[in-house]
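Have a look at the structure below, then the notes.
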Amino acid sequence: MLKYFPLWPDQASNFAGSVDGLYIFLVLVSIAMFVLIGAASITFAVVYRRREGVEATPIEGSTILELIWSVIPFIVFMIIFGWGATIYFDERTPPRDAVEMYAVAKQWMWKFEHPEGQREINELHVPMGRNIKIIMTSQDVIHSLYFPAFRIKQDVLPGRYTTLWFNATQVGEFHLFCAEYCGTQHSNMIGKIVVMQPAEYELWLNGGNNGRTSLVGTGQKLFTELGCSTCHKSDVQGRGPVLAGVFGKQQLLQDGRLVKVDEDYVRESILNPQAKIVSGFQPIMPTFQGQVSEEQLVSLVAYVKSLKAEGQPSNVAQAQPQQVK
Amino acid sequence: MSTAAAAPGSNYLTNGSSVSSWLLTKDHKRIALLYLLSVTFFFFIGGIFALLIRLELLTPQGDLLQADTYNKVFTMHGQVMVFFFLIPVVPAVLGNFLVPIMIGAKDLAFPRINLLSWYLYIVAGILMLWTLALGGVDTGWTFYTPLSSQFSRTNVVMAAVAVFINGFSSIFTGLNFIVTIHRMRAPGMTWNRLPLFIWAHYATSVIMVLGTPVIAITLLLVGFERMFHLGIFDPALGGDPLLFQHLFWFYSHPAVYIMILPSMGIVSELIACFSRKRIFGYSAVALSSIGIAVIGFLVWAHHMFVAGISLYAALVFSFLTYFVGVPSAIKVFNWTATMYKGAVTLTTPMIYAIGFLGLFTIGGLTGLFLAALGLDVHVTDTYFVVAHFHYVMVGGVVMAYLGGIHFWWPKITGRMYPEFWGKLSAMIGFVGFNLTFFPQFIVGYLGMPRRYWMYAPEFQVWNVLSTAGATVLAVGYLMPLVYLTWSLRYGPVVGDNPWGAVGLEWMTTSPPPTENFLEPPVVTWEAYDYEHIKEVPVAY
């Protein structure tokens, strides 16, 4: 029966169970309410149908009853609110240890990049049981990355980064949809997410890997090619601030504001360097607007992110072996 | 009006039969009929698009239409239905006809502005049709940027201008109602004696006047960005795409209440009349309309939980959304309680009203799903949302509107429709609606995104059911058109008050004279004073 009349998508992520739980609760609440209203109105319509010589009994109302049917729904609503908010809080808070992948959307295609440098189009391979965070942006209009089997969705905007995370719990292939209407081929901006056993995923990552550069490595290469490194030196203070260790910190700006160094700030500083000048520096950096693609930006962001201050373990080191080739 | 030399036996329909006596009329009742014809026309235009959508979605492949055509079809379906049918339908037709009569006034406060608002509606409507003739628009009715402002290659600006002009029609109607209700109530018609239909229209008018300018400005900005590349919404020009969504929903969420509040007003009248009782908790029902109008302005970002707003903003908007649920729940309970110990007759209008209760309850309850943050992430932008808002905006509004049309038909035309066909169409409409839209909740939860021209094969069974249901629904919506038209000529002439209803509109003749009342009424009784009305015909 369910084969022909499916009611549920697969449950393939850490969120699926909790979202379905709330859904079932709400379905039950709705059925109860609907039956209550339906039964009451049908009963009243039959029992109190108009009969010759019988007048309606005038009733003004009842404050107590009205209070009851305002307060009880309100309490139920607050339970639903709290329940929904808890799940949402989870959905919007990626764990710190999540593997960071990047997505760039465009009309009408999804481009993904793994930290190891593996790129995919309209397909994303992920290991089961690992926290995966996808950092996303769009080259043109608003899109939305949606995995029904994971019960997760996030709009993808031009000009900024949004993120989505999940932990896949079931091996298999699942739908990947664009959920925000984006023009002609919106319904064709689809693909699949392939969840693999971690060991198989490692094999898949290494398969066909003839000298692929990691994402951070690509970023580092660009960092040199574009001349960033002439001012942003890695050890001594150049004309621009040292970038090592700044990611995730609060940065004091020239105008006295504090800004958190996140993906959006790094992106903005590359494309519109004059927007937020770090305290103590001159606004001399040229814009790279139009010179770097969203994909290159993503790798630059990943590289800046990987730069750790002296004494901190650096991700760059891990990226080096591939980089050397 | 100077021309209204009300001869005995003359009414607003017979007072002048030339084309100009209709097209230049300042009589709110004639303007209501002009609106009746025009919204019906646009309803069928929008309906044809709906039919094309349902036919395309019979199969998972995109086979009937091209992708671009499909996108234009659902866009025009939305724009025509929302802006040219659902928003004006109840206020501009039944509100226009009844607001002055129900409060004992001769006309609206500004009869010329009332006529102007119909002309603005027509100009906007013609522009909309012209847009269509030039190839349509493909942005979705929501005009999301930067798709609409930079990327779409269709007639976005013209469609935006049509909606912009239409907005002024709405603002003028709202303004007219507010002034009329404040200033032109008959002696003795205090605020506490107003029919709930009037309270609902008052609340609606406040939203129209406060909200509509925002959508007008927003669409103007879209036009500026599109034509002059001013960076407002497109990040490539230095704009912010989320700003558009905030502005758009700041109007478009309250717009849902522009659609549903007047319908709730109708339902209050119908349930009171056919239970022969005062509405249970009059003040609570009246104030809940105002409550909905006010809180309705504070919940807009619940359309944007996955759009990229902050976690905490989302929490606040979800919380506030549940507040708007409470007054809606109060109304539903009070309507149901009104039937308790009443003398209920299941006439056509009452069946429509109970149908409204059913559909609105389902629409309202599924709103609880969507306001729940963690669950909304999964179901937003899927067919679950499509089903939800159709239940509220279409199921609810059209049921109530048709109920109202049937209820006041003998007042408007002086003739009665065939009761059998009326009851039948109400029931077919209710069943057809559920067959069409209930499967969409399920396919939405399965993950089918909205605005998809092609879809995954496992979604097909629910789409086939939905399309099948739509044919039933179409019958339910077409039938009244036939027998109501028939009744204009062949329907039995009924008296001034065939339902034995209370309310000033039932104390004048059917159809009413141009000046509404031969003697200016003085009100000395409370609303829904069914206890004291004596002569009660039992014909229906």
> Exactly one of (1) farther than 24 Å from B:Gly296 by Cβ; (2) free of Cβ contacts under 8 Å to residues at least 40 places away in the same chain; (3) within 20 Å of the chain's Cα centre (by Cα) is unmet by B:Gly125. Its number?
Replying inline: (2)
> Can A:Met33 be described as part of a helix (DSSP H, G or I) and either more than 21 Å from B:Gln440 (Cβ to Cβ) or touching a residue at least 60 places away in the same chain (Cβ under 8 Å) (or both)?
Replying inline: no
>> For the structure I just gave you, tell me whether B:Ala426 is of a type in the set (A, V, I, L, M), within 26 Å of the chain's Cα centre (by Cα) and within 14 Å of another protein chain (Cβ to nearest Cβ).
In response: yes
> Residues A:Ile80, A:Ile64, A:Ile87: which one is surrounded by fewer than 20 Cβ atoms within 10 Å (Cβ to Cβ) and part of a helix (DSSP H, G or I)?
Replying inline: A:Ile64
>> Suppose we keep only residues that are more than 14 Å from chain A (Cβ to nearest Cβ) and part of a loop (DSSP other than H, G, I, E, B) within the range B:112-165. Which one would you say is surrounded by the most Cβ atoms within 10 Å (Cβ to Cβ)?
In response: B:Asn155
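Restricting to the range B:235-244, and then to whatever is in a helix (DSSP H, G or I) and out of contact with any Phe, Trp or Tyr (no Cβ under 7 Å at 6 or more places or on another chain), can you tell me which residue is farthest from A:Arg267 (Cα to Cα)? Spell out how you get there, then give the answer.
We begin by selecting, within the range B:235-244, every residue in a helix (DSSP H, G or I); these are B:235-237, B:241-244.
Applying the additional criterion that residues be out of contact with any Phe, Trp or Tyr (no Cβ under 7 Å at 6 or more places or on another chain) yields B:235-237, B:242.
Working: B:Pro235: 13, B:Ala236: 13, B:Leu237: 16, B:Leu242: 18 Å.
The residue in question is B:Leu242.
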> Has the range A:150-173 got any residue that is among the basic types (Lys, Arg), more than 7 Å from every other protein chain (Cβ to nearest Cβ) and in a strand (DSSP E or B)?
Replying inline: no
>> I want to confirm something. Restricting to the range B:316-350 and keeping residues that are more than 23 Å from B:Ser263 (Cβ to Cβ) and facing chain A (nearest Cβ under 8 Å), which single residue is surrounded by the most Cβ atoms within 10 Å (Cβ to Cβ)?
In response: B:Ser318
>> Looking at B:Asp234 and the list (1) in contact with an Asp or Glu (Cβ under 7 Å, 6 or more places away or on another chain); (2) without any contact (Cβ under 8 Å) to a residue 24 or more places away in the chain; (3) acidic (Asp, Glu), which single condition is not satisfied?
In response: (2)
>> Only one of A:Glu180, A:Glu200 is touching a Pro at 6+ places or on another chain (Cβ under 9 Å) and assigned to a helix (DSSP H, G or I). Can you tell me which?
In response: A:Glu200
> Which ranges mark the helices (runs of 4 or more DSSP H) fully within the range B:19-79 that have 3 or more residues being farther than 20 Å from B:Phe143 by Cβ?
Replying inline: B:19-23, B:28-56
> What single numbered condition from (1) closer than 12 Å to B:Ile101 by Cα; (2) in a loop (DSSP other than H, G, I, E, B); (3) acidic (Asp, Glu) fails to hold for B:Glu505?
Replying inline: (2)
> Just checking, how many residues over the range B:38-59 are within 12 Å of B:Tyr455 (Cβ to Cβ) and crowded, with 16+ Cβ neighbours inside 10 Å?
Replying inline: 3
>> Restricting to the range B:220-230, count the residues that are surrounded by fewer than 15 Cβ atoms within 10 Å (Cβ to Cβ) and more than 34 Å from the chain's Cα centre (by Cα).
In response: 2
> How many of the residues making up the range B:280-305 are facing chain A (nearest Cβ under 9 Å), buried (at least 21 other Cβ atoms within 10 Å of the Cβ) and of a type outside the set (A, V, I, L, M)?
Replying inline: 4
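Could you tell me whether any residue of the range A:72-80 is closer than 29 Å to B:Ala456 by Cβ and more than 7 Å from chain B (Cβ to nearest Cβ)?
No, because not a single residue in the range A:72-80 is closer than 29 Å to B:Ala456 by Cβ and more than 7 Å from chain B (Cβ to nearest Cβ).
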>> Any residue that is hydroxyl-bearing (Ser, Thr, Tyr) and either closer than 27 Å to B:Thr338 by Cα or in contact with a helix residue (DSSP H, G or I) (Cβ under 6 Å, 6 or more places away or on another chain) (or both) - is there at least one of those in the range B:530-540?
In response: yes
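Please verify whether the range B:306-315 includes one or more residues that are more than 8 Å from every other protein chain (Cβ to nearest Cβ), part of a helix (DSSP H, G or I) and surrounded by fewer than 24 Cβ atoms within 10 Å (Cβ to Cβ).
The answer is yes; a qualifying residue exists.
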> Restricting attention to the range A:250-278, which residues are at pLDDT below 90, in a loop (DSSP other than H, G, I, E, B) and within 19 Å of A:Ala309 (Cα to Cα)?
Replying inline: none
> Can you name the condition, by its number, that B:Val493 falls short on among (1) crowded, with 16+ Cβ neighbours inside 10 Å; (2) touching a Gly at 6+ places or on another chain (Cβ under 7 Å)?
Replying inline: (1)
>> Of all residues being of a type in the set (Ser, Thr, Tyr) and under 30 Å from B:Leu55 (Cα atoms) in the range B:464-490, which is surrounded by the fewest Cβ atoms within 10 Å (Cβ to Cβ)? Just the residue, please.
In response: B:Thr485
>> Condition first: among the charged types (D, E, K, R) and more than 18 Å from B:Thr380 (Cβ to Cβ). Now tell me which residues in the range A:125-177 satisfy that.
In response: A:Arg130, A:Lys133, A:Asp140, A:Arg160, A:Glu173
> How many of the residues in the range A:24-41 are over 19 Å from A:Trp69 (Cα atoms) and at the interface with another protein chain (Cβ under 9 Å from one of its Cβ atoms)?
Replying inline: 1
> Mind checking whether some residue in the range B:328-350 is touching a Pro at 6+ places or on another chain (Cβ under 7 Å) and closer than 24 Å to B:Lys277 by Cα?
Replying inline: yes
>> All but one of (1) closer than 30 Å to B:Ser148 by Cα; (2) part of a strand (DSSP E or B); (3) of a type in the set (D, E, K, R) hold for A:Asp140; state the number of the condition that does not hold.
In response: (2)
> Which residues, taken from the range A:107-117, are touching a residue at least 40 places away in the same chain (Cβ under 8 Å) and closer than 17 Å to A:Gly191 by Cα?
Replying inline: A:Gln107, A:Trp108, A:Met109, A:Trp110, A:Lys111, A:Glu113, A:His114
> Right, A:Ala98: small (Gly, Ala, Ser) and surrounded by fewer than 19 Cβ atoms within 10 Å (Cβ to Cβ) or not?
Replying inline: yes
>> What's the number of the only condition in (1) assigned to a helix (DSSP H, G or I); (2) at pLDDT below 95; (3) in contact with a Leu (Cβ under 6 Å, 6 or more places away or on another chain) that B:Leu375 fails to meet?
In response: (2)
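Do we find that B:Phe389 is part of a helix (DSSP H, G or I) and either within 15 Å of the chain's Cα centre (by Cα) or away from every other protein chain (no Cβ under 14 Å) (or both) in this structure?
Considered against the rule, which asks whether it is part of a helix (DSSP H, G or I) and either within 15 Å of the chain's Cα centre (by Cα) or away from every other protein chain (no Cβ under 14 Å) (or both), B:Phe389 comes out as yes.
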> Got a sec? Which of A:Gly129, A:Gly84 is closer than 22 Å to A:Ala16 by Cα and outside the structural domain of A:Cys178 (by TED's automatic domain parsing)?
Replying inline: A:Gly84
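The values are calculated or read from the model by the stated rules, or taken from the named source; none is laboratory data. No experiment lies behind these values; they were computed from the predicted model shown. Virtual Cβ from ideal backbone geometry, glycine too; neighbours counted across all protein chains shown.
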